1. Please compare each pair in Lys24/Lys60; Lys42/Lys120; Lys23/Lys114; Lys120/Lys141; Lys42/Lys130; Lys60/Lys130 to a cut-off of 26 Å on the Cα-Cα distance and tell me which ones are over it.
2. Output the antiparallel fraction of DSSP beta bridges having both residues in the chain, as a percent to the nearest 5.
3. Is there a quick way to get the dipole size of the chain? I mean about its Cα centre, with the Cβ of Lys and Arg at +1 and of Asp and Glu at -1; what is the value in debye to the nearest 20?
4. For region 14-64, what is the charge dipole size about the Cα centre, in debye to the nearest 20, if Lys and Arg each add +1 at the Cβ and Asp and Glu each add -1 at the Cβ?
5. Please compute the length gained on full extension between Glu33 and Ser200, using 0.36 nm multiplied by the number of residues separating them and subtracting their Cα-Cα distance.
6. For region 113-194, what class follows from the C-alpha gyration tensor (a ≥ b ≥ c being the square roots of its eigenvalues): rounded when a/c is under 1.5, otherwise prolate if a/b is larger than b/c, else oblate?
7. So how far, in whole Å, is the C-alpha centre of region 1-75 from the one of region 136-197?
8. Explain nothing, just the number: dipole magnitude of region 137-206 about its Cα centre with +1 on each Lys and Arg Cβ and -1 on each Asp and Glu Cβ, in debye rounded to the nearest 20.
Amino acid sequence: MNIYIDFDDCLCETARNFCGLVKKLYGTDVPYEKIKYFNLKKSYSLTDEQYEQLMIEGHKPEVLLSYEEAPGASDTVRSWIAAGHDVRIITGRPAGAYEPSRAWLDAHGLDQVKLYCLNKYGRAGFSSEKDYCLEIEDYLKMHFDYAVEDSPAAFQFFGHLPDLQVLVYDRPWNRACEFPSGNFRRCADWETIDRIVRDSSNDKQK
């Protein structure tokens, strides 16, 4: 099967790290469980300037490399690859974050996984000159059977695949959202995600 995985808050605990950054930079203490919106500017009540600074700090190589893994993520992905599945990491991180993001994956034993930076949110200055940089029209040519995603803002990118099963990694900012269809399922952890994919794979082999 072809599997799409988002990077931040699916493979790693980005928002938990950002809570620490916001407290360090601005003295604002917003507990992880109180992050109500995927829009961090809104969740942390930041000005435009503060949000821009936060994004710069949060995407520094040493910071990206320090993000903790979501429990069970790398073991699950490695098992999928061993089973013959095609796994691709499709991140909305800026293209400049590719190298440290690639290094994070390699350090977690995911060197066989393909990584792409998709211009999900219309970032200014995004360039698709590199083969790992995707514009939306490039992404729409790809086919996936399963997607692992946490962001309600990204659900719009799945409408072209009517049979796609979307496994929504449970996070505080997606608990109040309405899913677009019955193809979306909330998953508490990677154990649940893995069980769903394995059961589907086993069914197809029967």
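Please treat every number below as a calculation from the coordinates, not as lab data. Quantities reported herein were computed from a predicted structural model and do not represent experimental measurements. Note that each Cβ is placed from the backbone with ideal geometry, even for glycine, and that neighbours are counted across all protein chains shown.
1. Numbers: Lys24/Lys60 15 Å; Lys42/Lys120 19 Å; Lys23/Lys114 34 Å; Lys120/Lys141 15 Å; Lys42/Lys130 32 Å; Lys60/Lys130 20 Å.
Beyond 26 Å between Cα atoms: Lys23/Lys114; Lys42/Lys130.
2. Numbers: 1 of 23 bridges.
Of the beta bridges lying entirely in the chain, close to 5 percent run antiparallel.
3. Working: 25 positive and 34 negative charges, 68 e Å.
The dipole of the chain has a size of about 320 debye.
4. Details: 8 positive and 7 negative charges, 46 e Å.
I would put it at about 220 debye.
5. Numbers: separation 167, 0.36 × 167 = 60.12 nm, distance 3.16 nm.
Result for the pair: 57.0 nm of gain on full extension.
6. On the way: a/c = 1.83, a/b = 1.69, b/c = 1.08.
Prolate.
7. Computed from Cα coordinates, the inter-centre distance equals 19 Å.
8. On the way: 9 positive and 13 negative charges, 37 e Å.
Dipole about the Cα centre, nearest 20: 180 debye.
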